[in-house]
Amino acid sequence: MTLSAFRQWLTAIDPAATQYHAATAGNCTVWAEYKRIPAYADGVNQGGWKVQIDRYTTQDDDPVAERIAEAIEASETIAAEHIVDYDADTGLIRHLFDCEVW
């Protein structure tokens, strides 16, 4: 999966998702690629990407975070670790999806 295809996949789940920086304060989804996965064939890197999705929310049962988790589970090209954290300073729950996208 290319990064462009990943963007389309994520924005189909959350049309307001942005890359690198949040577009708004409060509930939002932000994603960023942070590393190319090395997998060489014929001298060319055929690997995927390490991508982090951060879903910030005030809701305990956030429907967007649930849809992201379900879509990752159904995907054959994305594997992820899902971590939930709370920031007392902002009052936001953070769903972090640390993904390998192939």
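Looking at the stretch 57-70, can you tell me whether even one residue there is closer than 11 Å to residue 101 by Cα and loosely packed, with under 12 Cβ neighbours inside 10 Å? Within the stretch 57-70, not a single residue is closer than 11 Å to residue 101 by Cα and loosely packed, with under 12 Cβ neighbours inside 10 Å. Would you mind stating whether residue 87 is modelled with pLDDT of 95 or more and charged (D, E, K, R)? Spelling it out, it is not the case that residue 87 is modelled with pLDDT of 95 or more and charged (D, E, K, R). Within the stretch 56-73, residues that are without any contact (Cβ under 8 Å) to a residue 40 or more places away in the chain have Cβ atoms under 8 Å from residues that are among the hydroxyl-bearing types (Ser, Thr, Tyr) and not in a helix (DSSP H, G or I) in these pairs: 56/29; 56/90; 65/57, counting only partners at least 6 apart in sequence or on another chain.
Considering only residues in the stretch 1-31 that are among the aliphatic types (A, V, I, L, M) and farther than 23 Å from residue 46 by Cα, the one that is surrounded by the most Cβ atoms within 10 Å (Cβ to Cβ) turns out to be 17. When residues in the stretch 82-102 are screened for being assigned to a loop (DSSP other than H, G, I, E, B) and either surrounded by fewer than 12 Cβ atoms within 10 Å (Cβ to Cβ) or in contact (Cβ under 8 Å) with a residue 60 or more places away in the chain (or both), 4 of them pass. Among all residues of the stretch 55-63, there is none that is more than 22 Å from residue 86 (Cβ to Cβ) and of a type in the set (Phe, Trp, Tyr). The set of residues from the stretch 1-21 being at pLDDT 95 or above and part of a loop (DSSP other than H, G, I, E, B) comprises 14, 15, 16, 17, 20, 21.
The values are calculated or read from the model by the stated rules, or taken from the named source; none is laboratory data. If you're wondering where the values come from, they're calculated on a predicted model, not measured in any experiment. Don't worry about glycine lacking a Cβ; one is built from the backbone with ideal geometry, like all the others, and counts go over all protein chains shown.
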